[in-house]
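What follows is a single structure, written as structure tokens, with notes after it.
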Amino acid sequence: MDYVKINDLALKLTRKLIESQGFYGANVKVLPTGQTIVDLTNGTRESGRILGEICMGGLGSVKFNSNTIDGYYFPSLDVYTSHPVISCMASQLAGWSVKLKKDIEKDGKIKTKVVFQSLASGPARAKAKGEELFKEINYFDDSNCAVIVFETRTMPNEEVMSIITQKCGVPPENTYAICAPTASLTGCIQVAARIVETGIHKLHEIHFPLDVIIDGFGSVPIAPVAKDDFTAMGPPNDAMFAVGQTYYTIDVEKDQEDELFNLLKKAPASSSSSYGKPFNVIFKEAEFDFYKIDPGLFAPALYMVNNIKTGNTITIGKLDIALLKQSFGLS
């Protein structure tokens, strides 16, 4: 897969947003230092779909669909990729924490203040390779550009973008950031588009071998847009935990199958000790400390895994309509 350049592929999609910014609800700004910011705070539904594909480094497809669940009608996404490890783990995973601090004088004292902080996803991660994960992923991208995605309402400034340029080793004019807050139409869609990635990330956490996964497909409702970014954290996650469905194709010998199928019992969100309440309730009870939440919660509701070598398929997990309705505020 070394021949696939995910930043080049993502840049083609990014240029669609830039070239038709009025159509996509994008606000495009080129910084004095040369980097380009694409602000999708007021982006359209279609810009959210494209952003989902950008996050996957152009190696995944995001399509709109719809579901009727217990009499309620929801827009939904179907997401699929035949390059699951690179598109999801090397690109879409929000694994790069970008932070900018400044010393500020206040009341005669110098204090350090965080002026920008956001988890970053997108193919620029595969250029920076600053995460331990990349020691496991055998992938190299020699694109001469970098595309990063921030889930934020605060746009990155020149200093933040210079960090991206330097870490990725590309020219400033070839550095792009696409930004969308959680509480936005675009933001809700790009979070939903992580259904396959969320499933693979959980598999990685339970030490399921990623190199046997050859294809991934997932479906999930798109959460309603919340009133603020904090409130918006919950429903998209709950949609995955409660009714998110994934289907993975693997290629393993029969003598490995029983072991891996047994390991899958640890994968669904319902296997977590933190499962059972809407995420925002869980987060509040954890005193807003992510480290007090079982990381095993972050997974789809349902896994189906087909071993192409034997033809056997296993289904693990459950759908929880009551939890979805509680999270979405449905009577």
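The values are calculated or read from the model by the stated rules, or taken from the named source; none is laboratory data. Because the structure is a prediction, the values reported are computed rather than measured. When we count neighbours, we look across all protein chains shown, and the Cβ atoms used for this are built from the backbone with ideal geometry, even at glycine.
Quick notes on this one:
- Of all residues in segment 68-85, exactly one satisfies the criterion of being in a helix (DSSP H, G or I) and either buried (at least 24 other Cβ atoms within 10 Å of the Cβ) or at positive phi (or both), namely P84.
- Of the listed requirements (1) closer than 30 Å to V115 by Cβ; (2) out of contact with any strand residue (DSSP E or B) (no Cβ under 9 Å at 6 or more places or on another chain), W96 misses just one: (2).
- Of all the numbered requirements in (1) surrounded by fewer than 21 Cβ atoms within 10 Å (Cβ to Cβ); (2) modelled with pLDDT of 95 or more; (3) in contact with a Ser or Thr (Cβ under 6 Å, 6 or more places away or on another chain); (4) not polar (S, T, N, Q), I206 misses one, and that requirement is (3).
- Filter pass, V225 being over 16 Å from N65 (Cα atoms) and in contact (Cβ under 8 Å) with a residue 12 or more places away in the chain: yes
- Hits in segment 12-67 - residues which are assigned by TED's automatic domain parsing to the domain that holds A94, touching a residue at least 12 places away in the same chain (Cβ under 8 Å) and assigned to a strand (DSSP E or B): N27, K29, T36, I37, V38, D39
- Sole exception among (1) charged (D, E, K, R); (2) more than 25 Å from P224 (Cβ to Cβ); (3) not assigned by TED's automatic domain parsing to the domain that holds M155 for D78, by number: (2)
- Looking at D238, D228, D211, just one residue is part of a helix (DSSP H, G or I) and surrounded by fewer than 17 Cβ atoms within 10 Å (Cβ to Cβ), and that residue is D211.
Matching residues to (1) of a type in the set (F, W, Y); (2) over 16 Å from T41 (Cα atoms); (3) in contact with a strand residue (DSSP E or B) (Cβ under 8 Å, 6 or more places away or on another chain); (4) surrounded by fewer than 18 Cβ atoms within 10 Å (Cβ to Cβ):
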residue: N138; (1), (2), (3), (4): no, yes, no, yes
residue: D141; (1), (2), (3), (4): no, yes, no, no
residue: A146; (1), (2), (3), (4): no, yes, yes, no
residue: T152; (1), (2), (3), (4): no, no, yes, no
residue: E159; (1), (2), (3), (4): no, yes, yes, yes
residue: I164; (1), (2), (3), (4): no, yes, yes, no
residue: K167; (1), (2), (3), (4): no, yes, no, no
residue: T175; (1), (2), (3), (4): no, yes, yes, no
residue: C179; (1), (2), (3), (4): no, no, yes, no
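- Just so you know, in segment 290-313 the residues that are of a type in the set (D, E, K, R) and closer than 20 Å to T198 by Cα include one that is modelled with the lowest pLDDT, and it is K292.
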